[in-house]
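Enquirer: Dumping the structure here so I can ask a few things about it.
The values are calculated or read from the model by the stated rules, or taken from the named source; none is laboratory data. If you're wondering where the values come from, they're calculated on a predicted model, not measured in any experiment. Positions of Cβ are generated from backbone atoms using ideal geometry, with glycine treated the same way; all protein chains shown enter the neighbour counts.
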Amino acid sequence: MTATLINGKEFAADVRAQVATHVARIKEENDITPGLAVVLVGEDPASQVYVRSKHKMTVEVGMNSFEHKLPEDTSEADVLAIVEQLNNDPAVNGILVQLPLPKHIDENLVINAINPAKDVDGFHISNVGLLGTGQKSMVPCTPLGCLMLLRDHHGTLSGLNAVVVGRSNIVGKPIAQLLLNDSCTVTIAHSRTKDLEDVVRGADIVVAAVGRSEMIKGDWLKKGATVIDVGINRIPAPEKGEGKTRLVGDVDFASASEVAGAITPVPGGVGPMTIACLLANTLTATCRSNGLAEPVGLTAS
Ligand code: GUN
């Protein structure tokens with residue numbers, strides 16, 4: 001392997017430590033304790049793991065964590081009522097409704113019912129619009145984490161060719177906006193892009209968020225490119241024993257790490273940045289709503 005490893009696990013721990021320091025300061029100086037409310041509807045096992053992890057880390061940085069775990073058959077009206085209650089609760093600075101929601105609930109309706117100032121996921125249409133027009137907004141957590149890793153590695157991103165593979169509302173579209181706001185030349189490619197390999201070959205920065213195991217190969221990359229792998233895919237690992245699995249990204253790490261200049265591993269790359277940025281966003285939301293200075297280096301601005 002010749003690429004530099006971008007250690008998201010370490011970086012995320014540092015972000016959480018910065019958040020904790022800032023939280024301790026506003027508690028001491030302003031008597032404010034940031035609060036994050038998480039709403040989980042149903043029993044999706046992956047969501048339950050995320051929510052447990054979010055709760056633990058929220059408490060670890062000194063914030064209040066409010067959990068609302070609701071049964072799978074909760075009505076849309078009841079979810080909207082909880083969101084409204086959290087919107088009106090002064091102890092709650094951030095609201096996260098865990099996705100996916102059960103099929104009978106309209107996700108967009110619920111997301112857009114969240115007070116945009118408390119929308120720590122940055123999924124509300126008003127935050128999406130603010131980001132798209134280069135204005136101050138709440139920024140989705142995983143894209144913010146990718147941006148922090150890239151800024152840390154490159155210093156400035158200005159003028160670099162960035163190819164984002166994937167066009168989801170949660171990752172692909174917002175990371176493209178963030179990179180554009182940082183003066184990259186941005187291409188959004190996806191699974192239907194013609195000559196995808198050639199498009200990727202033009203990139204100084206590749207952000208892989210397409211949800212296909214090990215799709216992007218080393219020989220698709222420009223020598224020295226920076227590769228940010230957002231994919232988290234579980235694949236069979238018979239070498240570990242019958243029925244065993246392992247996590248891989250959207251990038252074929254073995255071949256890519258021989259060509260890239262820098263690369264995030266899976267696990268331990270982008271993954272840990274998501275919750276760290278959720279906590280950073282909760283702190284940012286708390287500061288903005290109380291007229292306090294925003295945490296430096298923990299936002300997209
Ligand atoms: N489910 C998977 N990722 C996310 C995320 O970033 N936010 C929310 N709310 N749900 C998710």
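Enquirer: Looking only at residues that are out of contact with any Ser or Thr (no Cβ under 7 Å at 6 or more places or on another chain) and among the polar types (S, T, N, Q) in the stretch 162-196, which one is farthest from the ligand (Cβ to nearest atom)?
Expert: Per the criteria, the residue is T185.
Enquirer: Let me ask another. Which residue out of R212, R288 is in a loop (DSSP other than H, G, I, E, B) and over 21 Å from G155 (Cα atoms)? Explain how you work it out, then say what you get.
Expert: Details: R288 fails: in a loop (DSSP other than H, G, I, E, B).
Matching residue, one of R212, R288: R212.
Enquirer: Shifting gears a bit: From the list L131, L157, which residue is part of a helix (DSSP H, G or I) and at pLDDT 95 or above?
Expert: L131
Enquirer: Step by step: first the residues of the stretch 138-161, then only those that are free of Cβ contacts under 8 Å to residues at least 40 places away in the same chain and within 17 Å of P295 (Cα to Cα), then the one that is farthest from the ligand (Cβ to nearest atom). Which residue is that?
Expert: R151
Enquirer: Shifting gears a bit: Return the residues of the stretch 58-70 that are within 16 Å of the ligand (Cβ to nearest atom) and crowded, with 22+ Cβ neighbours inside 10 Å; say none if nothing qualifies.
Expert: T58
Enquirer: Which members of the stretch 116-137 meet the condition of being within 15 Å of the ligand (Cβ to nearest atom) and of a type in the set (S, T, N, Q)?
Expert: N127 - this is the single residue of the stretch 116-137 that is within 15 Å of the ligand (Cβ to nearest atom) and of a type in the set (S, T, N, Q).
Enquirer: Here is a further query. Anything in the stretch 91-112 that is touching a Ser or Thr at 6+ places or on another chain (Cβ under 9 Å) and surrounded by fewer than 13 Cβ atoms within 10 Å (Cβ to Cβ)? List them, or say none.
Expert: Answer for the stretch 91-112, where residues must be touching a Ser or Thr at 6+ places or on another chain (Cβ under 9 Å) and surrounded by fewer than 13 Cβ atoms within 10 Å (Cβ to Cβ): A91, P100, H104.
Enquirer: Continuing with this model, one more query. Is it fair to say D44 is farther than 15 Å from T274 by Cβ and within 14 Å of the ligand (Cβ to nearest atom)?
Expert: Yes.
Enquirer: Same structure again: Please count how many residues of the stretch 215-258 are of a type in the set (S, T, N, Q) and either without any contact (Cβ under 8 Å) to a residue 12 or more places away in the chain or not in a strand (DSSP E or B) (or both).
Expert: Counting residues in the stretch 215-258 that are of a type in the set (S, T, N, Q) and either without any contact (Cβ under 8 Å) to a residue 12 or more places away in the chain or not in a strand (DSSP E or B) (or both) gives 3.
Enquirer: Further question on the same structure: Do we have any residue at all in the stretch 71-93 that's part of a loop (DSSP other than H, G, I, E, B), β-branched (V, I, T) and either in contact with a Phe, Trp or Tyr (Cβ under 7 Å, 6 or more places away or on another chain) or within 13 Å of the ligand (Cβ to nearest atom) (or both)? Talk me through it step by step, then tell me what you get.
Expert: The first filter runs over the stretch 71-93 and keeps only residues part of a loop (DSSP other than H, G, I, E, B), leaving 71-75, 88-93.
Next cut, β-branched (V, I, T) only: 74, 92.
From what is left, the residues that are either in contact with a Phe, Trp or Tyr (Cβ under 7 Å, 6 or more places away or on another chain) or within 13 Å of the ligand (Cβ to nearest atom) (or both) are 92.
Within the stretch 71-93, one or more residues are part of a loop (DSSP other than H, G, I, E, B), β-branched (V, I, T) and either in contact with a Phe, Trp or Tyr (Cβ under 7 Å, 6 or more places away or on another chain) or within 13 Å of the ligand (Cβ to nearest atom) (or both).
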